[in-house]
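> Have a look at this one before I ask anything.
The values are calculated or read from the model by the stated rules, or taken from the named source; none is laboratory data. Remember, predicted model here, so these are calculated numbers, not experimental data. Neighbour counts run over all protein chains shown; Cβ positions are idealised from the backbone, glycine included. Quick note on the areas: whole protein, heavy atoms, side chains included, nothing else; ligands and nucleic acids left out. Shrake-Rupley method; radii C 1.70, N 1.55, O 1.52, S 1.80 Å.
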Amino acid sequence: MTTYHELSIDKLFRLDGEVALVTGGGDGFGRIASMTYANAGASVAVTDIDKTKADAVVAEIIDGGGHAVALELDVSDRTALKSTIDEAASVFGGLHILVNNAGITRRGPTLDMTDDDWDSVIEINQTAVVLGSKAAVPHMLVHGDGKIINLASIVGLVGNRHFAHIGYQAAKGAIVNITRGLAVEWADQGIRVNAVAPTFFRTNFGAARMQSNPDLLAAIEADTPIGRFGEPWELAGGLLYLATRASSMVTGVTLPIDGGWTAV
Ligand SMILES: NC(=O)c1ccc[n+]([C@@H]2O[C@H](COP(=O)([O-])OP(=O)(O)OC[C@H]3O[C@@H](n4cnc5c(N)ncnc54)[C@H](O)[C@@H]3O)[C@@H](O)[C@H]2O)c1
């Protein structure tokens with residue numbers, strides 16, 4: 001029978017001795033994931049296309065008493081994606097958690113979309129998630145324990161009547177089913193694969209770029225049952241849950257963190 005102490009926060013939510021790698025870790029949700037996991041005791045490889053931003057997050061973590069290294073990584077460079085994951089596993093002596101977070105979007109009507117708009121959004125938001133997972137899992141299999149967390153989106157679960165961005169919607173929808181597919185494929189080897197689906201959050205990617213359009217901001221808030229944009233830190237609980245023992249029976253799910261957006 002489970003004892004009282006086996007249900008302690010330390011037993012359920014700590015990551016001591018584990019190694020995490022976060023793509024796009026220099027800003028927004030990636031920064032939150034990196035700091036959350038470091039706070040929980042993990043050693044974190046903070047990777048980003050912009051090394052300066054990754055360096056700043058690592059400095060914050062070390063200043064707070066955590067353990068992290070910064071690595072430059074553009075996830076659309078397929079060779080570098082694998083070699084950077086290998087390097088992080090080598091530096092820290094293993095890999096337990098991968099957060100496929102790096103993402104971009106190209107907004108605009110589908111009739112105006114260029115081939116490059118489509119290709120770059122699919123490469124970074126979708127292909128890199130599969131190839132990053134493929135590179136990470138052999139390291140996780142060494143100790144038979146791995147957690148992959150993908151950044152989906154509410155627009156991968158439902159449509160978006162506020163603006164067009166078909167490549168992004170396609171990629172985020174694909175992430176939902178890539179999460180299911182890889183979860184089932186690797187479940188019996190100790191690897192869990194889950195995703196979070198945020199609504200519109202106040203990151204540089206999200207609300208910041210909409211500041212010049214107060215009508216759009218107001219329309220999105222009006223469509224959100226909780227009535228506001230998310231703050232980046234509000235992803236921390238979901239990211240921690242899916243990376244820890246607390247979610248040991250959970251795989252293949254996409255967890256909406258959306259203020260009720262997809263409940264309507
Ligand atoms: N913010 C939102 O409202 C929102 C909502 C749903 C889903 N998401 C998803 O969450 C993830 C993170 O978004 P965010 O809001 O934190 O974005 P952000 O722009 O705040 O941060 C993204 C980080 O990724 C890095 N990056 C960009 N291209 C990269 C590449 N090719 N390789 C490596 N790093 C790269 C950037 O330098 C930046 O540090 C994305 O996958 C995004 O699609 C965001």
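> Give the distance, in whole Å, between the Cα centre of segment 88-121 and the Cα centre of segment 10-66.
Answer, in whole Å: 18.
> Against the longest alpha carbon principal axis of the chain, how many degrees, from 0 to 90 and to the nearest 10, is the axis of helix 78-92 turned?
Relative to the chain, helix 78-92 is tipped by roughly 30 degrees.
> In what sequence, largest accessible area first, do Y4, Y168, Y37, Y241 appear using a 1.4 Å probe?
Reading off the accessible areas and sorting them downward yields Y4, Y241, Y168, Y37.
> How much of the accessible area of the chain, in percent, comes from carbon and sulfur atoms when a 1.4 Å probe is used?
Solvent-exposed carbon and sulfur of the chain make up 55 percent of the total.
> When the dipole is taken about the Cα centre of the chain, and only Lys, Arg (+1) and Asp, Glu (-1) are charged at their Cβ, what size is it in debye, to the nearest 20?
520
> How big, in percent, is the set of alpha carbon pairs in segment 1-140 lying more than 25 Å apart?
So the pairs more than 25 Å apart make up 32 percent of the total in segment 1-140.
> Using the Cα centre of segment 212-264 as origin and beta-carbon charges of +1 (Lys, Arg) and -1 (Asp, Glu), tell me which of T251, A219, G237 is placed farthest towards the positive end of the dipole.
So the residue furthest toward the plus end is T251.
> Just to verify a number: what accessible area does V137 come out at with the full protein assembly present, 1.4 Å probe, Å² rounded to tens?
Near enough 10 Å² of accessible area.
> Mind listing the long-range amide H neighbours of K147? Cut-off is under 5 Å, sequence gap 5 or more, other chains count too, H placed in the peptide plane at 1.01 Å from N.
I97, L98, R192
> Moving on to the next point. Based on the Cα coordinates of segment 152-261, what is the per residue volume of their convex hull in Å³?
Here the figure is 99 Å³ per residue.
> Now for a separate question. Ignoring ligands, DNA and RNA, how do E231, E72, E18 rank by accessible area with a 1.4 Å probe, largest first?
Result of the area sort, largest leading: E72, E231, E18.
> Report Rg/Rh for segment 172-228, rounded to two decimals, where Rg is the Cα radius of gyration and Rh the Kirkwood radius.
1.20
> May I ask what percent, to the nearest 5, of DSSP beta bridges between residues of the chain are antiparallel?
If I count the DSSP bridges inside the chain, around 0 percent turn out antiparallel.
> On to the next question. Please state the Cα pair-distance histogram of the chain with 5 angstrom bins from zero: what percent is in each bin?
Pair shares across the bins are 1, 6, 13, 18, 20, 17, 12, 7, 4, 1, 0, 0, 0.
> In degrees between 0 and 90, to the nearest 10, how far off the longest principal axis of the chain does helix 28-39 point, with axes built from Cα atoms?
Here the helix axis deviates by roughly 20 degrees.
> While we're on this one: Rank these by accessible area, largest first, 1.4 Å probe: W118, W261.
W118, W261
> Something else: Quick one: how many lysine pairs in segment 5-257 have C-alpha atoms under 28 angstrom apart, if they're 8 or more apart or on different chains?
Taking the Cα cut-off of 28 Å, the pair count is 15.
> When the expected Rg is taken as 2.2 N^0.38 Å, what fraction or multiple of it is the alpha-carbon Rg of segment 72-160?
1.25
> Tilt of helix 51-63 relative to the longest C-alpha principal axis of the chain, in degrees (0 to 90, nearest 10)?
50
> Suppose all protein chains stay in the model; what accessible area per residue would a 1.4 Å probe give for the chain, in Å²?
Here the residues of the chain average 46 Å² of exposed surface.
> Can you tell me the relative contact order of the chain? Whole percent, Cα pairs under 8 Å, sequence separation 6 or more.
18
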